[in-house]
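The values are calculated or read from the model by the stated rules, or taken from the named source; none is laboratory data. In this text the structure is predicted, and so the values were computed from the model without any measurement. Glycine also receives a Cβ, built like all others from the backbone with ideal geometry; neighbour counts cover every protein chain displayed.
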Amino acid sequence: MPEPLHTLHVVSGKGGTGKTTVAGALAMALATGGRRVLLCEVEGRQGLAELFGVPPLQGDEERRLVRTPDGGEVRGLSINARDALMEYLATFYRLGLAGRALDKFGVYDFATSIAPGLRDVLLTGKVYEAVRRRTRGRPHSYDAVVLDAPPTGRIAPFLNVHEAVAGLARVGPIHSQADSIMQVLRSRRTVVHLVTLLQDMPVTETLEAVEELGPTGIAVGAVVCNMVTPTPLTPEALAAVPAEPRLDVPGLDEADDAALAAEFADELAALREEHACYQRLVPAGRPLVELPHDPAGIDRAALLTLARALREQLPEEVA
Amino acid sequence: MTLVTDPARAGGHRAWGRPETTPFLDVDALLADRDLHIVICCGSGGVGKTSASAALAVRAAEQGRRVVVLTIDPARRLAQSLGIEQLDNTPRPVAGIDTSAGGSLEAMMLDMKRTFDDVVLAHASPEKAEQILGNPFYQALSTSFSGTQEYMAMEKLGQLSAELGLDRGAGRRARWDLIVVDTPPSRSALDFLDAPEHLSSLLDGRLLRLLLNPSRGPLRFMSAGLAVVTSAMSRVLGAQVLSDVQTFVAAFETLFGGFRQRAEATLANLASPHTTFLVVATPERDALREATFFVERLADEGLPLAGVVVNRLHGSAVALSAERAWAMAEDLPEDGLEALALRAHATRMHLVERNQEAVRRFCATVPGLALTTVPALPGDVTALDDLRTVGELLAARDG
């Protein structure tokens, strides 16, 4: 089994676009042929546990979320800034009693809540550590790491940890940690995928995120259009259908034909709107993936279907 | 063969959406209640809170209320329609409102940082304010702390409601008599209630009290502990950072009392009969589960709840079941318009059934709670006329 093209996949998207679902499906798509994939979340919402229908992920456990039908596995990690800070301090400083005192006085909560950029550097630091295990030949290493990242509005500052900690630490261990993280994020191994709906606001935010990520030097991968209305109509066929179609369905009277036609006209208008949104994404020059809306909701079967769609549409990425 | 095309049932989703045993949420009656001064729209992200609150505000204004609507993060085109594209943190009159019933509408978009800055400027001496505003910890707190947006929405609500003049009694005509609040976009509806508390407890935590007054109160015995803490912090963060923290904390001291007081006052205001909450949800499992949590939480806190708005409910004016539509499509040429329309209808009917089932289950978990539905509309809600349409649908008992 060859290595995946990228070892760190960061998945962002406007709130409500289903980025957690897409991150889950991408992790499953990557976990083929015996590969091990780590799926991380950083917002403490237990979205991964909910998505895979497993009990909440706690502490630093990397529990298996799913074994894929083709022999791979996806493990989940819920990264928490407070735990990461304690772990970080334990690794770099021997604080002993002072460490406990810090906890008692709420220093960890305070620091991870409002120290500028510290939270982000801690969260990305844990992801960085998981990515590095493989190159260092450490145990529990993964073939790929997928990060269910903060929403598009915050993604550039979140990943640009170097900038973020500039105000906090100009030298010292936090600064050099940020340097190393930034190096991995800017490397060929890392890519950011943006999830969107084919609607005005999410598309606008996606295009803005592509712009904002440019100067950070972090590569943007695919733009994933989620919950696309499935239709047998190709764009050309859609363009050929009149806006107000007249129908003559055998067995329906005139009034029913008219009602069905009106409903169909609305569906067509919605499809045209989606298509127009899709066209706005084309100039961004990123591979565009379309994932169909599943009215039955998202369960494991739906995730597998989405994973398959990702594999088909991004063969280089997840082959 | 005649299917249902009775206009009274056209868009019959309304009748299907709300189970018979569930009371109707009469939005017009709510808006007509002159003792009601604050309506807060809550719900998880992506359910259409902003357009629902804007639609309510427009409807109330055109029915004669003097309304101000506080929006948090409106879509650009909606913001344009309301005339609030620029973020200046001040209510502006909305053009194009029918004021013949004596009402008016002003709108504003929350500027979180500016609201926070204003609080600092209003409550600290100029010298201290300058120290606070320039402090990196304050800047992080006021721009990126996850609870700040909720806290500042509450703060702004407090400021707007002070202008209602409820405590000044009758006789003075206030600039507005109804405040409609949209809440910050968050995954959970509960964040609106939880986040301010989170911020208060952070600013009121043991660390800060210790850093402020190490020699006073029961904590004086802990000053040995303090030395350990500060020396550990300066080892890890460096002396500069520690001094930034101390400046921040010292400068913030004067504000702490004010913060707690105002948070308490705003909450007390919310528990009054002048206020009501509306929960907005879409007819999907996750959004409705969030709504259930929120309904329970409001009950726990003794906060008033008017009811639930189920937004974007799918319906159909064509009473042709999914199965029949599929069967009819089978007999037609595959790529003909008729077959396409029938298949699209079949897919829609599946969605309609799923929506109905989700709403039915939700209603069973919150018996007696009033509900209204808004059908899914083709296209985005952006223009004033769209808001009027949503308002009408919100208020309509049947489709």
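Reported count of residues in the stretch B:275-306, each being surrounded by fewer than 23 Cβ atoms within 10 Å (Cβ to Cβ) and in contact with a Pro (Cβ under 9 Å, 6 or more places away or on another chain), is 4. Among the residues of the stretch B:302-318, those identified as facing another protein chain (nearest Cβ under 9 Å) and either touching a strand residue (DSSP E or B) at 6+ places or on another chain (Cβ under 8 Å) or hydrophobic (A, V, I, L, M, F, W, C) (or both) are B:A317, B:V318.
Checking each residue in the stretch A:142-154 for being modelled with pLDDT under 90 and either away from chain B (no Cβ under 13 Å) or part of a helix (DSSP H, G or I) (or both) picks out A:T152, A:G153, A:R154.
Count of the stretch A:282-302 residues, restricted to those that are within 14 Å of another protein chain (Cβ to nearest Cβ) and assigned to a helix (DSSP H, G or I), is 1.
Quick check, is A:L123 assigned to a helix (DSSP H, G or I), more than 10 Å from chain B (Cβ to nearest Cβ) and modelled with pLDDT of 85 or more? Write out each step before concluding.
On the way: assigned to a helix (DSSP H, G or I): yes; more than 10 Å from chain B (Cβ to nearest Cβ): yes; modelled with pLDDT of 85 or more: yes.
So A:L123 passes the test.
Return the only residue of A:L85, A:L77 being of a type outside the set (V, I, T), within 24 Å of A:I174 (Cβ to Cβ) and away from chain B (no Cβ under 14 Å). Spell out how you get there, then give the answer.
Details: A:L85 fails: away from chain B (no Cβ under 14 Å).
Checking each option against the conditions leaves just A:L77.
From the list B:A281, B:A299, the one residue that fits, being free of Cβ contacts under 8 Å to residues at least 24 places away in the same chain and either closer than 23 Å to B:A52 by Cα or more than 10 Å from every other protein chain (Cβ to nearest Cβ) (or both), is B:A299.
Residues that are at pLDDT 65 or above, over 23 Å from B:I72 (Cα atoms) and away from every other protein chain (no Cβ under 11 Å) were ranked within the stretch B:173-212; the one that is surrounded by the most Cβ atoms within 10 Å (Cβ to Cβ) is B:A174. Considering each residue of the stretch B:371-385 in turn, none proves to be within 13 Å of chain A (Cβ to nearest Cβ), free of Cβ contacts under 8 Å to residues at least 60 places away in the same chain and hydroxyl-bearing (S, T, Y).
Among the residues of the stretch A:91-100, is any within 19 Å of the chain's Cα centre (by Cα) and either away from every other protein chain (no Cβ under 14 Å) or hydrophobic (A, V, I, L, M, F, W, C) (or both)? Explain how you work it out, then say what you get.
If we filter the stretch A:91-100 for residues that are within 19 Å of the chain's Cα centre (by Cα), which is where we start, we get none.
So far as the stretch A:91-100 goes, no, none of its residues is within 19 Å of the chain's Cα centre (by Cα) and either away from every other protein chain (no Cβ under 14 Å) or hydrophobic (A, V, I, L, M, F, W, C) (or both).
Set side by side, the residues B:V309, B:V352, B:V359, B:V374 differ, and just one is crowded, with 18+ Cβ neighbours inside 10 Å, farther than 30 Å from B:A268 by Cα and under 20 Å from the mean Cα position of the chain (by Cα), which is B:V374.
I'm trying to understand the selection: among the residues of the stretch A:38-87, which are of a type in the set (D, E) and touching an Asp or Glu at 6+ places or on another chain (Cβ under 6 Å)?
Of the residues in the stretch A:38-87, the ones of a type in the set (D, E) are A:41, A:43, A:50, A:60-62, A:70, A:73, A:83, A:87.
Hit for the stretch A:38-87 is A:E41, nothing else.
For the stretch B:385-397, does any single residue satisfy the condition of being surrounded by fewer than 17 Cβ atoms within 10 Å (Cβ to Cβ), assigned to a loop (DSSP other than H, G, I, E, B) and touching a strand residue (DSSP E or B) at 6+ places or on another chain (Cβ under 9 Å)? For the stretch B:385-397, residues surrounded by fewer than 17 Cβ atoms within 10 Å (Cβ to Cβ), assigned to a loop (DSSP other than H, G, I, E, B) and touching a strand residue (DSSP E or B) at 6+ places or on another chain (Cβ under 9 Å): present.
A:A49 - would you say it is more than 9 Å from chain B (Cβ to nearest Cβ), modelled with pLDDT under 90 and either under 20 Å from the mean Cα position of the chain (by Cα) or over 30 Å from A:V203 (Cα atoms) (or both)? In short, no. Only a single criterion out of (1) modelled with pLDDT of 90 or more; (2) away from chain A (no Cβ under 14 Å); (3) part of a helix (DSSP H, G or I) is not satisfied by B:R260, namely (1). Restricting A:L260, A:L233 to those that are facing chain B (nearest Cβ under 9 Å), over 19 Å from the mean Cα position of the chain (by Cα), surrounded by 15 or more Cβ atoms within 10 Å (Cβ to Cβ) and not in a helix (DSSP H, G or I) reduces the list to A:L233.
Scan the stretch A:206-217 residue by residue and report those that are surrounded by fewer than 21 Cβ atoms within 10 Å (Cβ to Cβ) and either touching a residue at least 60 places away in the same chain (Cβ under 8 Å) or in a helix (DSSP H, G or I) (or both). Before the answer, list the steps.
To start, the set of residues in the stretch A:206-217 that are surrounded by fewer than 21 Cβ atoms within 10 Å (Cβ to Cβ) comprises A:207-208, A:210-212, A:214-217.
Scanning the stretch A:206-217 gives A:L207, A:E208, A:V210, A:E211, A:E212, A:G214, A:P215, A:T216.
For first residues located in the stretch B:110-133 and surrounded by 19 or more Cβ atoms within 10 Å (Cβ to Cβ), partners that are part of a helix (DSSP H, G or I) and of a type in the set (D, E) and lie 6+ apart or on another chain with Cβ distances below 6 Å form the pairs B:T115/B:E155.
For B:A344, the criteria (1) touching a residue at least 24 places away in the same chain (Cβ under 8 Å); (2) touching a Ser or Thr at 6+ places or on another chain (Cβ under 8 Å); (3) closer than 19 Å to A:D266 by Cβ hold in every case but one, which is (1).
Scanning the stretch A:275-319 for residues that are more than 18 Å from A:V10 (Cα to Cα) and touching a His at 6+ places or on another chain (Cβ under 8 Å) returns a single hit, A:P295. From the set of residues in the stretch B:323-339 that are within 15 Å of A:A259 (Cα to Cα) and either in a loop (DSSP other than H, G, I, E, B) or within 7 Å of another protein chain (Cβ to nearest Cβ) (or both), which is modelled with the lowest pLDDT? So the residue we want is B:L337. If you take the residues of the stretch A:4-29 that are outside any helix (DSSP H, G or I) and hydrophobic (A, V, I, L, M, F, W, C), which of them is nearest to the other protein chains (Cβ to nearest Cβ)? Among those residues, the one meeting the criterion is A:V11. Is there a residue in the stretch A:60-78 that is assigned to a loop (DSSP other than H, G, I, E, B), at pLDDT 90 or above and hydrophobic (A, V, I, L, M, F, W, C)? No, the stretch A:60-78 contains no residue that is assigned to a loop (DSSP other than H, G, I, E, B), at pLDDT 90 or above and hydrophobic (A, V, I, L, M, F, W, C).
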